[in-house]
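Chemist: Structure in structure tokens, see below.
The values are calculated or read from the model by the stated rules, or taken from the named source; none is laboratory data. These numbers come from a predicted model, not from an experiment. All Cβ positions, glycine included, derive from the backbone under ideal geometry; neighbour counts span all protein chains shown. Just the protein is used for accessible areas: all its heavy atoms, side chains included, with ligands, DNA and RNA removed. Shrake-Rupley method; radii C 1.70, N 1.55, O 1.52, S 1.80 Å.
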Amino acid sequence: MTQFKWFNTLLQKSANKLVDAPMSMWHRKAQFHISLKPPKPNQTLRKYLECNNHTKVVKLFRSFLRKRATFNSIDSFSFLFAIKACNRIHSSMQGKQLHALIIKFGYEAIVQLQTSLLKMYAERGNLGDAHQVFDEIPSKNIICWTSLISAYVENHKPCKALQLFRLMQMNNVEPDQVTVTVALTACADIGALEMGEGIHAFIRCKQGMNIDLCLNNALINMYAKCGDIVTARKLFDSTRNKDVTTWTSMIVGHARHGQAHEALQLFSEMNIKRDKKSWSSCTYMIVPNDVTFIGVLMACSHAGLVEEGKRHFRSMTKDYGIQPREPHFGCMVDLLCRGGHLKEAYEFIMEMPVPPNMVIWRTLLGGCSLHGELELAAEVWHKLLKLDPGYVGDSVAMSNIYADKGMWNKKMIVRNKIKQSRAPGCSSIEVGSGVSKFVTADNNHSLMIDI
């Protein structure tokens, strides 16, 4: 019995020592046991990708390929994480290497990987490789088609995007909400009103189609850019929950059609606080963005509201903290030139925080031509000759200014310096599901014989 008490006392003392041990010792032991089971490669890649550490993802993927311990753990998800990381760091060379490895590992039939490769090439502007990846996908789903159509829209090839949209429908692949939104953007870019109306009719007839705010904004933007400002305004007025894109699309639409007062009235309404009755009694205000102010300045320019335009330009930075970009500076120069304030426009250009581009100088040259300002026009013309000597239109504009002043000798001097003909302006017409461009006496047109 005595021995049992002695043993029990010893056991109690040992337990007390263990309980009273410092926590650091417990942490060291816990860390030691965790280190015996390192996370799997995909878990590590996902963690760094979610933390936006994209360079680390690519480096780890390379190290996993070299180590035998992790080589067999690499699967299609590993490649998917690596491709996404390459897209973020804009590494086309590493992306092509991943493409080669995907083929080597036998994963080229996986649609998710092919779609990611397609997006990777498209983001680099390499539409040829993007389209080739699309052609090699054995079973194309709606995501594949939408990705390629979106690639052509984002790379400023809306006609090709709409051709693919039609081809997709001919292959009995029904467009979804995202696809029609992208297609409407393409219609807006080239003014394909008839096709845009067809897509709108499909949306109305399609059961289960979720017409969210993004799709509604695309419809408003399409109608506004394609010239049907009345339908655009009806859609705008019928939209209950508007965001900054909704307001901006309509403001820019009115401004483009010369409806300056309507655009400025919308801008003033946009800044009114509204009650969110469905949530609470709090109020909110739609904050304009930089594109909104492009529409506002365009409206002021078309209406000749010079002082109001100046006020909005100052307010953009002072009240909203939006730094003006080249389009804003261009709108201000156009505003001043239309109002006949050519000297002020020149001073404005010289005080710009960024170097003026050719478009801004050409806007001033056009203002000089409109108001017959010869000396300033000559100075602007010489600046344009240094910036873009191969552009013929500037010399043509300058020669016309001399002709208006009756200075025929100087007109001929300028004309004789022109060594090449100016590229002719083209017109476009929407026929059926396509948009064709043509110029006067176009001998290279595909339907020249029929014409």
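Chemist: How many lysine pairs are close in the range 151-289, with Cα atoms under 17 Å apart and the two 8 or more places apart or on different chains?
Modeler: Lysine pairs satisfying the spacing and distance rule in the range 151-289 number 6.
Chemist: Hey, can you rank 166-177, 301-312 by average C-beta count inside 10 Å, highest first?
Modeler: Ranking, from highest mean packing down: 301-312, 166-177.
Chemist: Could you work out how far the C-alpha centroid of the range 318-343 sits from that of the range 147-182, in angstrom?
Modeler: So the two Cα centres are separated by 36 Å.
Chemist: With a 1.4 Å probe and all protein chains left in place, how much accessible area per residue does the range 90-217 have, in Å²?
Modeler: About 48 Å² of surface per residue is accessible.
Chemist: Still on this model: Which of rounded, prolate or oblate describes the range 121-199 when judged by the alpha-carbon gyration tensor and an a/c cut-off of 1.5?
Modeler: Since a/c reaches 1.5 but b/c is at least a/b, the shape of the range 121-199 is classed as oblate.
Chemist: I need the phi-derived Karplus couplings for the range 110-118: 6.51 cos²θ - 1.76 cosθ + 1.60, θ = phi - 60°, integer Hz, Gly and Pro marked x.
Modeler: 7, 4, 4, 5, 5, 5, 5, 5, 4
Chemist: Something else now. Got a sec to turn the phi values of the range 132-140 into Karplus ³J(HN,Hα) couplings, 6.51 cos²θ - 1.76 cosθ + 1.60 with θ = phi - 60°, whole Hz, x for Gly and Pro?
Modeler: Once θ is set to phi - 60°, the couplings for the range 132-140 become 5, 4, 4, 5, 8, 6, x, 10, 7 Hz.
Chemist: W408 accessible area, nearest 10 Å², 1.4 Å probe?
Modeler: 150
Chemist: Using the structure shown, list the pairs from K40/K67; K40/K119; K96/K119; K67/K119; K96/K140 with a Cα-Cα distance above 18 Å, or answer none.
Modeler: Working: K40/K67 13 Å; K40/K119 27 Å; K96/K119 12 Å; K67/K119 29 Å; K96/K140 22 Å.
In this structure, K40/K119; K67/K119; K96/K140 exceed 18 Å between Cα atoms.
Chemist: Could you sort H254, H341 by accessible area so the largest value comes first, with the probe set to 1.4 Å?
Modeler: H341, H254
Chemist: Take the alpha-carbon centre of the range 183-208, take the same for the range 224-252, and report the distance between them in whole Å.
Modeler: 15
Chemist: Relative contact order, percent, of the range 118-259 when contacts are C-alpha pairs under 8 Å separated by at least 6 residues?
Modeler: 17
Chemist: Counting only protein heavy atoms, what percent of the accessible surface of the range 351-425 is carbon or sulfur at a 1.4 Å probe?
Modeler: Carbon with sulfur: 55 percent of the solvent-accessible area.
Chemist: Continuing with this model, one more query. Reachable aspartates and glutamates from K386, Cα under 12 Å, same-chain residues fewer than 8 places away excluded?
Modeler: Reachable aspartates and glutamates: D394.
Chemist: Oh, and also: Is the shape of the range 89-245 rounded, prolate or oblate, going by the alpha carbon gyration tensor and its root eigenvalues a ≥ b ≥ c, with a/c under 1.5 for rounded and a/b larger than b/c for prolate?
Modeler: On the way: a/c = 2.38, a/b = 2.04, b/c = 1.16.
Judged from the Cα gyration tensor, the range 89-245 comes out prolate (a/c at least 1.5, a/b above b/c).
Chemist: For Y107, Y402, what's the largest-to-smallest order of accessible area, 1.4 Å probe? The partial results should precede the final answer.
Modeler: Working: Y107 50, Y402 20 Å².
Result, largest first: Y107, Y402.
Chemist: Taking a ≥ b ≥ c as the square roots of the Cα gyration tensor eigenvalues, with a/c under 1.5 meaning rounded and otherwise prolate when a/b beats b/c, else oblate, which class fits the range 347-427?
Modeler: Values: a/c = 1.80, a/b = 1.29, b/c = 1.40.
Verdict is oblate for the range 347-427.
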